[in-house]
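Notes for the one structure printed next.
Coordinate-derived values only; no laboratory data. Just so you know, these numbers come straight off a predicted model, no measurement behind them.
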Amino acid sequence: MNMKAMQKLSYGLFVCTARDGSKDNGCIINTVTQVASEPNTISIAVNKANFTCEMIDKTGVFNVSILSEAATFDTFKHFGFQSGRTVDKMADIEFSRAENGVAVIRNHCNGYLSGKVLYRLDLGSHLLFIAEVTDGDVFDDTPSATYAYYFANIKPKPAPAPKKKGWVCTICGYIYEGEELPADFVCPLCKHPASDFKPL
Ligand code: FE
């Protein structure tokens, strides 16, 4: 199969937040889709490597803040390339709380939706949550950021290729040094698989 066909799919980008007791956390996802209108229902798929995934699985409640074209690479680094297991991602971030008590990110986001999990499906790398939309609001009219917009305008252009053998993560820019990239390799920064790497 030509895996590049998968890259022709279009996606939005979101900060998915959860709260477990006094612990707030969030991660970047590109998988929020409305799947029914009556009742208003969305699906999200969250990588199991993300602490946020575990928190949603436990609490059954989450928010998705919808990233706009105002978002900077720092937002993606902050929520996407470090883990809430080791870092308090919410410590230096401005946020408010939705009715469900979970954090909502306003900065660089044009709106949010609150979800209450109805169904949960284990898909291997990700958990799929189907959720009732319990609340939501619009912050401004800046267009929503798509994955394509992220690659074209937000992700820094790659530096000139170094003269060493290795593989670069096309999602976040992480470089793996070595001739062969193990097939089961997972990017330590963004958790994307070996298929998202290309040779330097
Ligand atoms: Fe990566």
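Straight-line reach only, C-alpha to C-alpha below 21 angstrom: list the lysines that Lys116 could link to, leaving out same-chain residues fewer than 8 apart.
The reachable lysines, counting only those whose Cα sits under 21 Å from Lys116, are Lys23, Lys48, Lys58.
Would the stretch 3-154 count as rounded, prolate or oblate if I go by the C-alpha gyration tensor, calling it rounded below 1.5 in a/c and otherwise prolate when a/b exceeds b/c, oblate otherwise?
Note, shape of the stretch 3-154 comes out rounded.
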